[in-house]
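S.K.: Got a structure for you, written out below as structure tokens; questions coming shortly.
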Amino acid sequence: MGHMNAQPGWYDAGVPGQERWWDGVQWTAHERPVGAALQQQPMVPAVPMVPAAMGSAAMGSAAPMGWFPVPGAGDVRWWDGTMWTPYRLRDGKPRPDAFAIEPGNLGIVFGIVFIVLGISQYSTYTVSGQPVFAVTPILFFIAGVLWLIGGLHAGGLKKLPAPSTVPVFDAVTRPLPGEVEGAGAGWFPVSGQVGRWWTGARWSPYIAQKFGVRPTQYGPRAYRTSMIIGWVLVGLGVLAAVFGFAFVTALGWMAAAVVFPGLVLSLVGGAVTLTVYLRRYTMVLPPQAPPLR
């Protein structure tokens, strides 16, 4: 059989005028007339198969996007056609790395910002001498270090050599981008310029964005966690602001060091919650077929 190492797709079925679906491991019972793909394209494929930011580099890549063993390592990681990503198969499931931050430069910038904020808050603590003011700089320092670790980790992935073996096809990673199971398959927008692959019968757990195609099997858990974090930030911020206003007479000017960070924290939490909700379909599968309204 000539497709033993081929990616999932439609291939000559050996019957004139017919194609059959190869799932990456074996032939399936799904057949279609030759040329049906041209008739099954969505009316408005708003997001291209290969994001524009990847450009011609992706087209000339040594390996197409897919799950590949990392050369010299013991894990299987998602290759987006141009570089390794912070997503790998772990415990039989596609999962992000502990510090999956993309792009890596964003992590470095945020890390520096949080550390600077931590230094600023530490100055307030040293002037006041109040133990309550020691909490904020510690939190900022921790956040800064975590962002830096994530940014540096993402940068390190770029230095790994490109895939040199055939991709790994596992049922838990599918349907992959490009798999067609019915009419109207293609990329459809789910949030701004972010698109998700529709096979013609169901949504694929992969999204296309400006820096590449990424898996989202971890999305439902990330969505719940992000919403919880957002509301917790709002609650902590409100409590800090209320505390500062309540003791403004006793604390004097130092009350501003509590009220202002509290207001900022609540605004950040509100922004996180709203943004995550509006972009929920980049993490969870939409409940209806495209186009989304």
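S.K.: Looking only at the range 222-258, how many residues end up being within 30 Å of Glu181 (Cα to Cα) and modelled with pLDDT under 90?
M.R.: 1
S.K.: Looking at the range 269-293, which of its residues are charged (D, E, K, R), within 20 Å of Gln217 (Cβ to Cβ) and loosely packed, with under 13 Cβ neighbours inside 10 Å?
M.R.: none
S.K.: Is it true that some residue in the range 112-132 is of a type in the set (Phe, Trp, Tyr), at pLDDT 80 or above and closer than 28 Å to Met283 by Cβ?
M.R.: yes
S.K.: Among the residues of the range 151-192, write down those that are within 16 Å of the chain's Cα centre (by Cα), crowded, with 21+ Cβ neighbours inside 10 Å and in a strand (DSSP E or B).
M.R.: Of everything in the range 151-192, just one residue is within 16 Å of the chain's Cα centre (by Cα), crowded, with 21+ Cβ neighbours inside 10 Å and in a strand (DSSP E or B), namely Val190.
The values are calculated or read from the model by the stated rules, or taken from the named source; none is laboratory data. For clarity, every value in this text was computed on a predicted model and none was experimentally measured. Ideal geometry is used to build each Cβ from the backbone, glycine not excepted, and the neighbour counts take in all protein chains shown.
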